[in-house]
Amino acid sequence: EEANDRVLTVTAGVSVTLDGLTLQHGHPLACPMYGGAFINNGQLTLQNCIIRNNLGQAGGGIMNAGALTLIDVTLRDNASTGTGHHGNGGGIKSMDGSLTLIDATIMNNTSHREGGGIYLSCKSTLTLINSTLSGNTAGSGGGLYVKGVAHLIHGTIFDNHALTTGGGVYIEGSRERGVIHGTMHLTNTVIASNSAGLEKYGVADCMMGNYATLGVHTNTWVEDGTCNATFAGDPELGPLRDHGDGHYVHAPEPSSPLVDAVTAAACPLETDQRGSARSGSACDIGAVELPVPQLPATVIASVGGLLGLAALSSWLLFRYRRRRAPLP
């Protein structure tokens, strides 16, 4: 049943960690009417959580102005309902501070304005690692709208839609309200099968404004060749599905050109979004590594939460190791 307020507000100077929860049906009806599930002005970490079916005028799932980290999180079916200038970010609106996604799926969120999945303001940074944006819809930037600085490492942005342009990603660069230099860094990332409504001028996969900046772009696969892609064409990804462990992902088909497209020296991560090893002489582009094992029901029932995370100092060399233990 829909509530008349959000789930939680984290104030500045407060640190909160939530693990293993489903957070749903938030809908704040009193000002401020944004951040359907959360407003974060402090330090908020969500692990092994599902955030779904929340509504807010902006930031339908989460409004962030602090340090927000999502690990093994599915954020789905949230919506920003505002139609004015600030009504953006169907899944997440990050107005300030930092946003980090690790092994997360942002799916089926909607916004009337910008950023169906994620809206990143000019004062905010995004680090996306082994994560998937799929099925999100917005006026522009269906999957991701960037006005700040975004680093995508082994990301998959697939099957998102914009009513105008930037079906997968829109990187803003304009002089409309002062100079805005949205900046995107892409490493081992695939952007494909997105769509845009403008027939003549719409860009389906990756739209860059005139003053936008593309930084690092290594081993990128963009189906329509936009954003100076390393590779273009059909990446042969399967449909969004749960392969038995709770992660909704687009796995490469066995014949996919993403498979083993990156040399081992250029693979900064040890595991993929599902925790499977990225090993051997090469790794795959995107969030998921083949083969994708199917877990038996007895194993699915015993899968536990994230136990460990180790990172190197450089974002490009960010490495982590995840271990799962049986539930008690």
**OP:** Output yes when any residue across the stretch 73-86 is modelled with pLDDT of 95 or more, within 19 Å of Gly135 (Cβ to Cβ) and among the β-branched types (Val, Ile, Thr), and no when none is.
**Re:** yes
**OP:** Being under 17 Å from Phe158 (Cα atoms), polar (S, T, N, Q), surrounded by fewer than 19 Cβ atoms within 10 Å (Cβ to Cβ) and in contact with a Gly (Cβ under 7 Å, 6 or more places away or on another chain) narrows it down to one of Ser174, Ser195, so name that one.
**Re:** Ser195
**OP:** Considering (1) within 30 Å of Ala264 (Cα to Cα); (2) modelled with pLDDT under 95, say which one Val146 fails and leave the rest.
**Re:** (2)
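How about the stretch 198-227: which of its residues are in a strand (DSSP E or B), crowded, with 21+ Cβ neighbours inside 10 Å and not aliphatic (A, V, I, L, M)? Lay out the reasoning, then the answer.
First pass over the stretch 198-227, keeping only residues in a strand (DSSP E or B): 206-208, 213-218, 221-222.
From what's left, crowded, with 21+ Cβ neighbours inside 10 Å: 206-208, 221-222.
Hits for the stretch 198-227 are Cys206, Trp221.
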**OP:** Report yes if some residue within the stretch 75-84 is crowded, with 18+ Cβ neighbours inside 10 Å and in contact with a Ser or Thr (Cβ under 7 Å, 6 or more places away or on another chain); otherwise report no.
**Re:** yes
**OP:** Identify, from the list Ile62, Ile129, the residue that is closer than 20 Å to Val16 by Cβ, buried (at least 24 other Cβ atoms within 10 Å of the Cβ) and of a type in the set (A, V, I, L, M, F, W, C).
**Re:** Ile62
Original post:
Restricting to strands (runs of 3 or more DSSP E) lying wholly in the stretch 106-158: which have 1 or more residues that are touching a residue at least 12 places away in the same chain (Cβ under 8 Å) and aromatic (Phe, Trp, Tyr)?
Top reply: 118-120, 144-146, 156-158
**OP:** Determine which member of the set Lys123, Lys147 is crowded, with 24+ Cβ neighbours inside 10 Å and charged (D, E, K, R).
**Re:** Lys147
**OP:** Report yes if some residue within the stretch 239-249 is in contact with a helix residue (DSSP H, G or I) (Cβ under 6 Å, 6 or more places away or on another chain), closer than 21 Å to Gly135 by Cβ, assigned to a loop (DSSP other than H, G, I, E, B) and not charged (D, E, K, R); otherwise report no.
**Re:** yes
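To keep it simple, each residue is scored yes or no on (1) of a type in the set (Val, Ile, Thr); (2) farther than 29 Å from Arg241 by Cβ.
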{"site": "Ile180", "(1), (2)": "yes, yes"}
{"site": "Met184", "(1), (2)": "no, no"}
{"site": "Thr187", "(1), (2)": "yes, no"}
{"site": "Ser193", "(1), (2)": "no, no"}
{"site": "Ala204", "(1), (2)": "no, no"}
{"site": "Thr213", "(1), (2)": "yes, yes"}
{"site": "Val216", "(1), (2)": "yes, yes"}
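Only one of Thr69, Thr11, Thr45, Thr22 is within 22 Å of the chain's Cα centre (by Cα) and surrounded by fewer than 16 Cβ atoms within 10 Å (Cβ to Cβ); which?
Thr22
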**OP:** For the stretch 166-194, enumerate the residues that are more than 18 Å from Ser124 (Cβ to Cβ), modelled with pLDDT under 95 and not acidic (Asp, Glu).
**Re:** Arg175
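Quick one: is Val216 under 13 Å from the mean Cα position of the chain (by Cα) and among the β-branched types (Val, Ile, Thr)? It would help to see each step written out before you state the result.
Details: under 13 Å from the mean Cα position of the chain (by Cα): no; among the β-branched types (Val, Ile, Thr): yes.
It is false that Val216 is under 13 Å from the mean Cα position of the chain (by Cα) and among the β-branched types (Val, Ile, Thr).
The values are calculated or read from the model by the stated rules, or taken from the named source; none is laboratory data. Please read these numbers as outputs of a predicted model, since none were measured by experiment. Every residue, glycine as well, gets a Cβ built from its backbone with ideal geometry; the counts of neighbours run over all protein chains shown.
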